[in-house]
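To keep things clear, I will list the structure first and then write my remarks on it.
The values are calculated or read from the model by the stated rules, or taken from the named source; none is laboratory data. Just so it is clear, the structure is predicted and the values come from calculations on it, not from any experiment. Virtual Cβ from ideal backbone geometry, glycine too; neighbours counted across all protein chains shown. Just so you know, the surface numbers come from the protein's heavy atoms only, side chains and all, with ligands and any DNA or RNA stripped out. Shrake-Rupley method; radii C 1.70, N 1.55, O 1.52, S 1.80 Å.
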Amino acid sequence: MKLSFIAFLLAGMLSASALEWPLAQVNVEVARPDDPVQKLAGEEMRKHLALIAGPPQSGARYRFLVGTPAPGGETTLERTGARYAVCGDKVYFWGDDAWGGSLTADRTRCGTLSAVYAFLENELGVKWIRPTDAGIVCEPRQVLQLPESKDYRWSMPYLMTGVRVYWWRNRLIQPENKFAPEKLRLSEAEVDERQNQDHLWFRRMRHGKRSDFKYGHAFGGWWKKYGEEHPEYFGLDENGRRGLPERLRGREKLCLSNPEVIDVVIREWEAAGKPEYWNICPNDGTPGFCHCEKCMALDARRPGEDFLAHLTDRYLWFWNRVAERAVKLRPDVKLVTYVYSYYRHPPRREKVEYPDNLILGMVPQMFENNDEFFGAWAKAGAKNIFLRPNDLC
């Protein structure tokens, strides 16, 4: 009996310390409306409150302060950090913000926006099941109970988290419009809006990067820069030709055994200021892998195997040699590359010699055993990886 009475008293104390917020009487105030991240954070908060509780009422006495740190709250948060704090009749939302030109740009960080989304999810139960506002799932209500004080913090748990959103591009879609039924054709404005909505969903899911590292075809412009004077930088085909036909330009593979190729990679990195992260991902596509004698000697091919069966060891040897040079100039350098295509298989001879300096983008084929795939690369020394599945739906 005594325990039940104590529990009743505690419950009463907890409920007494909670404030009821009439959601239609909340005024959303943005500290810097000219800041793209804060402006969007304010717009998103207003939109979701209206969906949940209806249009705002005049004379609101409760305040959501977007972009304003709480009294005593630190103004400098860790990279991508987000925070909201309940203080009486005010809620403060702030975070680590930077605008890189678009919502999904590598340099864009949306801490304040993430704080708004965290509040909507944690306190109001909002979910975003797909892009566009039609994907917003929320329960109508007029009142929200909040404690008199609460301090919530969040930051991205990984170096990068994200789903690659569809590439809505007019240059890709408009030439094909004529082949679609008239009612399915998209105007340029509709294509742009679909891209905007996908990018907004990306942020609603709190995706992004904690660091400014790039990946993807790193050598797409090499033929234009070096092909005429230095064709020896490029893969030698079975017919003794370097490079690829014009229709495949941008997909060239390198002659990995050529020490001058490593010189150029390092020289370009130095010219860029020796940034911490540097992209050395091979170009995609099957044609162009080098058949020269020295590159072939880098392979660990088994008797009777097809040329394309296993090209991992030549690539891992090349990445190790680039890392060997780069760490002498910047010990904390991170070289980003793909474990993909014919060089996704675990190496047979080479090891990852610079595990702290290589970030491997793992691209397993569909239906492969991922436990075996990752385990074998871990045994070869891989330490820093990101998963980039190639499911094209």
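General remarks:
- For segment 160-204, filtering for residues that are surrounded by 14 or more Cβ atoms within 10 Å (Cβ to Cβ) and not polar (S, T, N, Q) leaves 18.
- Pairs meeting the criteria (first residue in segment 158-169 and among the charged types (D, E, K, R), second residue surrounded by 15 or more Cβ atoms within 10 Å (Cβ to Cβ) and modelled with pLDDT under 85, beta carbons under 7 Å, at least 6 apart or on different chains) are lacking.
- Restricting attention to segment 189-232 and to residues that are closer than 18 Å to TRP99 by Cα and small (Gly, Ala, Ser), the residue that is modelled with the highest pLDDT turns out to be GLY208.
- For segment 107-137, the tally of residues that are out of contact with any strand residue (DSSP E or B) (no Cβ under 7 Å at 6 or more places or on another chain) and either crowded, with 17+ Cβ neighbours inside 10 Å or among the small types (Gly, Ala, Ser) (or both) stands at 6.
- The test for being in a loop (DSSP other than H, G, I, E, B), in contact with a strand residue (DSSP E or B) (Cβ under 6 Å, 6 or more places away or on another chain) and crowded, with 16+ Cβ neighbours inside 10 Å holds for ALA382.
- Candidate set from segment 123-137 (those that are aliphatic (A, V, I, L, M) and touching a residue at least 12 places away in the same chain (Cβ under 8 Å)); member that is nearest to ALA53 (Cα to Cα): LEU124
- Those residues of segment 328-352 which are open to solvent by less than 20 Å² (accessible area, probe 1.4 Å), over 19 Å from CYS295 (Cα atoms) and assigned to a loop (DSSP other than H, G, I, E, B), in sequence order: VAL333
- Cβ pairs under 9 Å, 6+ apart, first in segment 299-327 and modelled with pLDDT of 95 or more and open to solvent by less than 10 Å² (accessible area, probe 1.4 Å), second small (Gly, Ala, Ser) and not in a loop (DSSP other than H, G, I, E, B): LEU311/SER341; ARG314/ALA297
- Residue identified as of a type in the set (Gly, Ala, Ser) and either within 20 Å of VAL261 (Cα to Cα) or touching a strand residue (DSSP E or B) at 6+ places or on another chain (Cβ under 9 Å) (or both) among ALA326, ALA376, ALA309: ALA326
- Filter pass, ASN369 being more than 28 Å from ASP212 (Cα to Cα) and either modelled with pLDDT under 95 or open to solvent by less than 70 Å² (accessible area, probe 1.4 Å) (or both): yes
- On the stretch given as segment 82-104, residues that are in contact with a strand residue (DSSP E or B) (Cβ under 9 Å, 6 or more places away or on another chain) and either open to solvent by less than 10 Å² (accessible area, probe 1.4 Å) or not in a strand (DSSP E or B) (or both) total 14.
- Figure legend. Inter-residue proximity from segment 86-100: first residues under 13 Å from ALA31 (Cβ atoms), second residues among the β-branched types (Val, Ile, Thr) and part of a loop (DSSP other than H, G, I, E, B), beta-carbon distance below 6 Å, spacing 6+ or different chains. Indicated pairs: TYR92/THR68.
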